[in-house]
Amino acid sequence: MRNRSSIFVRSMVAYWCWIVGAASGIAVRVIGAKRLQWISKRVPMEYLFWRNLGIVAAVAIFAWKARGRLGCSQLFDRTHTKWDIRKAVPLERRMVYDNGLGQTPLMGWSGWNFYECTINEKIVYGNMDALVRLDLPSYGYNYVIVDDCWSAYKRDKEGNLRSDKKTFPSGMKALADYAHERGMKFGLYSDAGRMTCKCHRAASEGHEFRDARTFASWGIDYLKQRFHLRNGATPPRNSCRYPVMSEALNKSGRPIFYAMCEWGEDHPAVWAGKYANSWRTSLDVKDRWPRIELLADDNNLWASYAGPGGWNDPDMLQVGNGRMSLAEYRSHFSIWSIMKAPLIIGCELRTITKEHLEIYKNTEIIAVNQDSLGIQGRKVSRIGQSEVITSCLTLTKLCVTTQVWAGPLSGDRIVMAAWNRGWKRALITINWYDIGLEPSVTASVRDLWKHEDWTQRQKDGFEVEIDSHDCGVYILSNISMVELYFNSGR
Ligand code: GLA
């Protein structure tokens, strides 16, 4: 008996040493193995009992106090980010980079999400043909973009960029011509450092004006530019790297859409409008639900900085790459569209399924994205866990997590999305209150995924049931008294 209790005491001591010191090894090193053994023989059971009880009580008190922030009891708290429709007029917008491009968010195709560095010209030609065969340019997807890994590791003898002979033997001008002949535009990737990000090929630092001239001579219509210090670049802040290429492109004699890509590191939304037509606001997109949630939340923060000529970019679309469900892809496409994100198809088009193509071809959702008002929709209310907690803790995913996103559209209309980010089908309430409308206001509603007008006008909001990870998108129109709301504040 004595033996057994002594083993118990020893193991308890070792356990607590581990908790406190991260590992018992540390304790042994600090206290010494012999002394530890001595302590473990003499620690009375009662002491351990009362100490453990104390710890359990402290944890329980902490959990009780923090329940509003951490637990499911938060389910029924509404968190409003009240959005006032009276302020929903285009900002006297900034400092726009005035190359006349990007009046609406860019639409197109890029092979990066699917192929990364295994891209080659056969794939690009094949996908250009598929774009045409699937009639996607007439839906607006007209930029064909080749991301990283097209350029050779070294410049030519004159110091010019050139394509990789093995993977792009025809050269980039031939590809651009092919796109132009089919009524599309053509884009490339470069880096503001000395080497490109993924495969360390020649990039533009110190060669900006030369490269911009090369791009123009090839007929390039779009340039995505990444910058990372790991690429061996000299280390000014990101905000110092891009103006050079911006000026170089402006002087190249060809209008080239400039897409900055610095992962939101220096909060580009607040300064990039002067230099670029779009700027990435966060990390790379992945074909994974938590990443979609994260990018949407990050991009949402910068909503007020986006507008015609300069857009927040939460990265390309993953619809069709197969790791998320149709509901999740619908949400991804809906929220990107409402956020006025560039809609760049990121899957292999030669083998795309009918269901995925249908998502890309939802003309009503595309029209939201391309609306002439160009105001980024944003999250106006949420119920449930904060996004970080939802993404991190599996258990809390069982809780309800629903959100409403909204934004104004031309013609005194409002688009609203009911997004169910939880694991269960949920009832989502859309309140006029969340968008600054009086409860007495009435409106007609159209469901953009079901392509249906509702027969009854709605007053003070409405409720919809949405499947887990799915998203309903609705347009409010013929809003009574809307003149009052839209006109005041202009
Ligand atoms: C960065 C960008 C990606 C892609 C890669 C290419 O990581 O964020 O979108 O362009 O560079 O290396």
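The values are calculated or read from the model by the stated rules, or taken from the named source; none is laboratory data. Given the structure is predicted, the values throughout are model-derived calculations rather than measurements. Cβ coordinates were reconstructed from backbone atoms using ideal geometry, including for glycine residues, and neighbour counts include every protein chain displayed. Surface areas here come from the heavy atoms of the whole protein model, side chains and all, with no ligands, DNA or RNA. Shrake-Rupley method; radii C 1.70, N 1.55, O 1.52, S 1.80 Å.
Here are the numbers for this structure:
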| item | result |
| --- | --- |
| In segment 342-382, the residues that are of a type in the set (A, V, I, L, M, F, W, C) and out of contact with any helix residue (DSSP H, G or I) (no Cβ under 7 Å at 6 or more places or on another chain) | 344, 352, 357, 367, 373, 375 |
| Failed criterion for residue 168 (all others in (1) under 21 Å from residue 348 (Cα atoms); (2) part of a helix (DSSP H, G or I) hold) | (2) |
| Segment 415-429, subset more than 22 Å from the chain's Cα centre (by Cα) and assigned to a strand (DSSP E or B), residue surrounded by the fewest Cβ atoms within 10 Å (Cβ to Cβ) | 427 |
| Unique residue being under 30 Å from residue 364 (Cβ atoms), assigned to a helix (DSSP H, G or I) and within 16 Å of the ligand (Cβ to nearest atom) when the list is 127, 113 | 113 |
| Residue in segment 301-321 that is among the aromatic types (Phe, Trp, Tyr) and assigned to a helix (DSSP H, G or I) present | yes |
| Of residues in segment 219-242 being within 16 Å of the ligand (Cβ to nearest atom) and among the charged types (D, E, K, R), the one modelled with the lowest pLDDT | 230 |
| Failed item in (1) open to solvent by 40 Å² or more (accessible area, probe 1.4 Å); (2) within 16 Å of the ligand (Cβ to nearest atom); (3) not β-branched (Val, Ile, Thr), with residue 315 passing the rest | (1) |
| Scan of segment 254-310 for residues that are open to solvent by 10 Å² or more (accessible area, probe 1.4 Å) and aromatic (Phe, Trp, Tyr), ordered by number | 263, 271, 275, 289, 302, 305 |
| Residue pairs meeting the criteria (Cβ under 8 Å; at least 6 apart or on separate chains; first hydroxyl-bearing (Ser, Thr, Tyr), in segment 451-469; second open to solvent by 90 Å² or more (accessible area, probe 1.4 Å)) | 468/423; 468/424; 468/425 |
| In segment 243-270, residue modelled with the highest pLDDT [restricted to those that are assigned to a loop (DSSP other than H, G, I, E, B) and acidic (Asp, Glu)] | 262 |
| In segment 430-446, residue surrounded by the most Cβ atoms within 10 Å (Cβ to Cβ) [restricted to those that are in a strand (DSSP E or B) and small (Gly, Ala, Ser)] | 443 |
| Those residues of segment 178-218 which are within 16 Å of the ligand (Cβ to nearest atom), under 14 Å from residue 163 (Cβ atoms) and among the hydroxyl-bearing types (Ser, Thr, Tyr), in sequence order | 189, 190, 196 |
| Residue in segment 175-187 that is open to solvent by 20 Å² or more (accessible area, probe 1.4 Å), part of a loop (DSSP other than H, G, I, E, B) and touching a residue at least 60 places away in the same chain (Cβ under 8 Å) present | no |
| Those residues of segment 312-331 which are hydroxyl-bearing (Ser, Thr, Tyr) and closer than 23 Å to residue 111 by Cβ, in sequence order | 329 |
| Of residues in segment 137-168 being free of Cβ contacts under 8 Å to residues at least 60 places away in the same chain and aliphatic (A, V, I, L, M), the one nearest to the ligand (Cβ to nearest atom) | 146 |
| Contacts under 8 angstrom Cβ, first residue in segment 273-292 being in contact (Cβ under 8 Å) with a residue 12 or more places away in the chain and under 17 Å from residue 112 (Cα atoms), partner within 12 Å of the ligand (Cβ to nearest atom) and open to solvent by 60 Å² or more (accessible area, probe 1.4 Å), 6 or more apart | 280/263; 282/263; 283/263; 284/263 |
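Residue-wise test of (1) open to solvent by 10 Å² or more (accessible area, probe 1.4 Å); (2) β-branched (Val, Ile, Thr); (3) at pLDDT below 95.
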site	(1), (2), (3)
92	yes, no, yes
95	yes, no, yes
103	yes, no, no
125	yes, no, no
142	yes, no, no
160	yes, no, no
169	yes, no, no
172	no, no, no
